[in-house]
Amino acid sequence: MAANLIPLINGKTYEYADITCIILGVPIIGVTAIEYGEEANIENIYATGRYPVARGYGQVEPTAKVTILMNEVMNIVSIAPLGRLHDIPEFDIIVSFTDANLIPVVHKIKNCRFKKNMISSSSGDTSIPIELDLVISNVEFI
């Protein structure tokens, strides 16, 4: 007997439009993409026999990058020492998602530092998004 489930027709899931990014204490509306996370170095330990006898837990490697429209990047460059993004001291990025019940989910990307400022554009571009790699210490998934 099949379960008689009522479909969630007008249900709401998290989506990009629900994101607010606060960078250097300012909400930045020109963020077109953000990627962040952590990867743990976890390895099986082998000894006698064919199967692992233990598991080793090593370092956690956090990574992040953000893509921001050029006009917003130029606003950030205007406060950077000598216009160099990588000279801005460490800062946090707050990423907030709001669900249908207006309950925020907040992630904090901690101790960010810009690694580079590379601009690329070509014929036909209607905007200039700039991908900025970050060095971070960790992510708080609150």
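The values are calculated or read from the model by the stated rules, or taken from the named source; none is laboratory data. Computed from a predicted structure; not experimentally measured. Cβ coordinates were reconstructed from backbone atoms using ideal geometry, including for glycine residues, and neighbour counts include every protein chain displayed. Areas reflect the complete protein model, heavy atoms only, side chains present, ligands, DNA and RNA absent. Shrake-Rupley method; radii C 1.70, N 1.55, O 1.52, S 1.80 Å.
Couple of notes before you dig in:
- Unique match (being within 29 Å of Asp18 (Cα to Cα), open to solvent by less than 50 Å² (accessible area, probe 1.4 Å) and touching a His at 6+ places or on another chain (Cβ under 6 Å)) among Phe114, Phe141: Phe114
- Those residues of region 118-137 which are open to solvent by less than 60 Å² (accessible area, probe 1.4 Å) and either hydrophobic (A, V, I, L, M, F, W, C) or part of a loop (DSSP other than H, G, I, E, B) (or both), in sequence order: Ser127, Ile128, Ile130, Leu132, Leu134, Ile136, Ser137
- Boolean, Ala100 is more than 26 Å from Asp125 (Cβ to Cβ), among the aliphatic types (A, V, I, L, M) and modelled with pLDDT of 95 or more: no
- For region 84-97, the set of residues classified as outside any loop (DSSP other than H, G, I, E, B) and either touching a Phe, Trp or Tyr at 6+ places or on another chain (Cβ under 9 Å) or open to solvent by less than 30 Å² (accessible area, probe 1.4 Å) (or both) consists of Leu85, His86, Asp87, Phe91, Ile93, Val95, Ser96, Phe97, listed by residue number.
- A Cβ distance below 8 Å, combined with a sequence gap of six or more or placement on separate chains, defines the contacts here; from region 76-89, residues that are over 18 Å from Glu131 (Cα atoms) reach residues that are open to solvent by less than 80 Å² (accessible area, probe 1.4 Å) in the pairs Ile79/Leu24; Ile79/Ile88; Pro81/Asp87; Pro81/Ile88; Pro89/Arg113.
- Pair list, Cβ under 7 Å, 6 or more apart: region 121-142 residue over 20 Å from Asn75 (Cβ atoms) and modelled with pLDDT under 95, other residue open to solvent by 60 Å² or more (accessible area, probe 1.4 Å) and part of a strand (DSSP E or B): Ile142/Lys108
- Filter pass, Gly58 being more than 21 Å from Pro27 (Cα to Cα), modelled with pLDDT of 95 or more and more than 12 Å from the chain's Cα centre (by Cα): yes
- Positions within region 20-39 being surrounded by 15 or more Cβ atoms within 10 Å (Cβ to Cβ) and under 11 Å from the mean Cα position of the chain (by Cα), in sequence order: Cys21, Val31, Ile34, Tyr36
- Pair list, Cβ < 7 Å and 6+ apart or interchain, from region 49-63 residues that are in contact (Cβ under 8 Å) with a residue 40 or more places away in the chain to residues that are of a type in the set (A, V, I, L, M, F, W, C): Val60/Ala40; Pro62/Ile136; Pro62/Val139
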